[in-house]
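Notes to accompany the following structure.
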Amino acid sequence: MIGSRLKELIKQNNIKQKDLCEATGISSSRISNYIHNNRNPDLETLSRIAAFFKVELDYFVQDVSSPPTPPDIPSPRVKLSRILLSNNPGMQPPFWVEVDIDILEPSIHSGQIMYIDRAAPPFGDRDSILMAYNGNAGIYKAYRENRRTILKPESRDTDLVIIPDDEKMDKSDKFFRIHWVAEKIFPG
């Protein structure tokens with residue numbers, strides 16, 4: 001989707017790819033990879049492109065059928081510790097959870113809330129993943145490479161995880177895709 005939106009903006013603004021490269025400091029090969037959906041830009045790069053075209057970041061990633069904002073945050077929310085410890089937390093994903101543990105720091109802090117749903121490998125490239133295993137949990141960034149998923153740790157006391165596409169996962173391992181993380185501002 002990013003590639004088609006970028007191509008559309010270049011055409012609508014009647015500019016050359018070279019002009020975009022010069023204005024944003026992004027190489028022509030990287031812009032070409034984005035246009036052809038061979039690679040997705042990181043948030044900083046996408047922000048520079050959005051600023052150049054004077055569009056919101058949502059323009060690149062949101063389908064017209066997608067909601068413009070996260071769903072309403074219900075209260076009370078289920079506690080993350082309950083999700084991680086239970087095989088059946090009593091809620092159908094996707095759902096909001098309140099972070100009540102500190103093992104996910106520095107990425108996620110106690111008191112924040114997350115919108116998550118169940119997931120299974122192979123994950124999408126650059127998905128944010130919450131993985132629960134052996135009574136522990138960690139936040140990871142997923143990367144796809146050579147028919148395997150590499151989970152790079154983003155929380156403390158976690159290690160790199162490599163999952164071949166054909167590997168059967170342990171039933172006790174739980175994976176959740178993180179869609180949104182928000183600060184809890186009001187009590188409740």
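Worth pointing out:
- Rg and Dmax [Cα atoms of the range 2-61; Å; Rg one decimal, Dmax integer]: 10.0, 25
- Charge sum, other residues only, whose C-beta stays under 12 Å from Gln12's C-beta, Lys/Arg counted +1 and Asp/Glu -1: +3
- Ranked Tyr133, Tyr34, criterion: other C-beta atoms within 10 Å, fewest first: Tyr133, Tyr34
- Distance (nanometres) between label positions extended 7 Å along Cα→Cβ at Asp157 and Trp180: 3.0
- Cross-link pairs beyond the 20 Å C-alpha cut-off, checked among Lys16/Lys54; Lys7/Lys152; Lys7/Lys54; Lys79/Lys141; Lys18/Lys141: Lys7/Lys152; Lys79/Lys141; Lys18/Lys141
- Only the Cβ atoms of Lys and Arg (+1) and of Asp and Glu (-1) were treated as charged; on that basis the dipole of the range 2-61 about its Cα centre amounts to roughly 240 debye.
- Residue-count net charge about Ile103 - beta-carbon cut-off 9 Å; Lys, Arg +1, Asp, Glu -1: -2
Laboratory data are not the source of any read-out in this text; all were calculated from the coordinates shown. Being a predicted model, the structure only gives us computed values, none of them experimental. Virtual Cβ from ideal backbone geometry, glycine too; neighbours counted across all protein chains shown.
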